[in-house]
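The values are calculated or read from the model by the stated rules, or taken from the named source; none is laboratory data. Everything numeric here is computed off the predicted structure, so don't read it as measured data. Using ideal geometry, Cβ is built from the backbone for each residue, glycine included, and neighbour counts are taken over all protein chains shown. Accessible surface areas use protein heavy atoms only, side chains included; no ligands, DNA or RNA. Shrake-Rupley method; radii C 1.70, N 1.55, O 1.52, S 1.80 Å.
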Amino acid sequence: MKAKLLSYTNITVPTPPYKKATKVGIVEDENGKRCLVRIEDEDYEILKVGMEGEVEERKTDFGTFNFFIPAVKREKRRKVAAVTGASRGIGNAIALELGRSGFNVVISDLEKTGECDETMKKIAESGGEAIFVQTDVTNLSQVEELMKKTVEKFGRIDVLVNNAGINIDKLVTGMTPEQWQKVIDVDLTGVFYCTKAALPYMIKQGGGRIINISSMSAFDGAVGQANYAAAKGGIISFTKVIAREYAQYNVLCNAIAPGFIKTRMTDAMPPGLFRDRLARNPLGRRGEPEEVAKLVRFLVTEGDYITGQVIGINAGEYV
Ligand code: NAP
């Protein structure tokens, strides 16, 4: 049935038994008859009062409803991803992978590196756009500025990858309160700040995907990493809460727990420790940052029914 859209709204509080916030509208058919319709999340941003479309009856788990399908097809637009700590290492590989997979990318970090310039160039060559926004994830106002600039530039934030992280390895007896706090601030509080700042945009636009980079150290009792393991374990608990709190708004949140990946972080290991790690790695090699990046890409492009999960990528070093 052909119909014209008279009004529409985003119901942000789900009414039981519906767990999900829905978008609804009122349409009028050619005979002047009005009815209530549902609207797909993806169509919401192109709606305009008075626009023409079709009303289609669809069966859902909660019953049969009328849906309004706008006659104007949504443009195939590039999605938008913001990645923290993306000037080098795993974050840089994630930015490049997403940029090459159809995303516009906001690369943020403490400083812009040559690696970052190279990645921005490659993203541009593949038809995308990338910008750099200097951000310290431990500074809430900088983090809020990062999300604001992302939306000013690209209109939305489809994906947030909380990747920025540091380690300061010491046995607990030799670890100062400052060394403890610094790692908690960057690795855990930074994830809280970025997620908190991105969520209002994701809720308003009808959904989003958050990937938190945790670590195998969260599970492994990694000697010398009490601060790091506590932060990375905290990220996993945080991820599960975000998944439950915001699924109703179509915001999915997962954690990735890498093992032994080839970056500056593992280059800096003492040689004896490095050899031990290699010796107990079933595949006998460090993982490539690009291998982690492909997992992120899978989760944010294909993982529509995956949330609240922790996915290990460690060659079986921890099973
Ligand atoms: P990396 O090469 O050291 O990259 C980390 C990036 O985060 C750097 O560019 C760093 O900037 C940035 N950063 C540090 N503090 C920041 C802050 N306060 N605000 C914003 N950015 C900040 O390390 P990586 O190995 O790629 O690690 C990336 C993530 O993966 C981290 O969360 C790490 O814990 C996790 N991870 C790594 C491994 C591994 O084996 N490599 C394993 C498990 C988990 P600066 O260079 O300026 O300090």
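Observations on the structure shown:
- Residue within the range 175-184 that is touching a Leu at 6+ places or on another chain (Cβ under 6 Å) and assigned by TED's automatic domain parsing to the domain that holds Arg297 present: no
- Contact map, the range 51-65: first residue assigned by TED's automatic domain parsing to the domain that holds Ile39 and part of a strand (DSSP E or B), second residue acidic (Asp, Glu) and surrounded by 11 or more Cβ atoms within 10 Å (Cβ to Cβ), Cβ cut-off under 8 Å, separation 6 or more or different chains; pairs are Val55/Asp29.
- The single residue among Arg88, Arg100, Arg77 that is without any contact (Cβ under 8 Å) to a residue 12 or more places away in the chain, open to solvent by 30 Å² or more (accessible area, probe 1.4 Å) and under 30 Å from Ile256 (Cβ atoms) turns out to be Arg77.
- Residues considered: Lys170, Lys149. Of these, the only one that is open to solvent by 10 Å² or more (accessible area, probe 1.4 Å) and out of contact with any helix residue (DSSP H, G or I) (no Cβ under 8 Å at 6 or more places or on another chain) is Lys149.
- The range 19-41, residues that are under 14 Å from Thr9 (Cα atoms) and either assigned to a loop (DSSP other than H, G, I, E, B) or open to solvent by 40 Å² or more (accessible area, probe 1.4 Å) (or both): Ala21, Ile26, Leu36, Arg38, Glu40
- Close Cβ contacts (under 7 Å, 6 or more residues apart or on different chains) running from residues in the range 173-199 that are within 17 Å of Leu146 (Cβ to Cβ) and touching a residue at least 60 places away in the same chain (Cβ under 8 Å) to residues that are more than 13 Å from the ligand (Cβ to nearest atom) and part of a helix (DSSP H, G or I) comprise Ala198/Met147.
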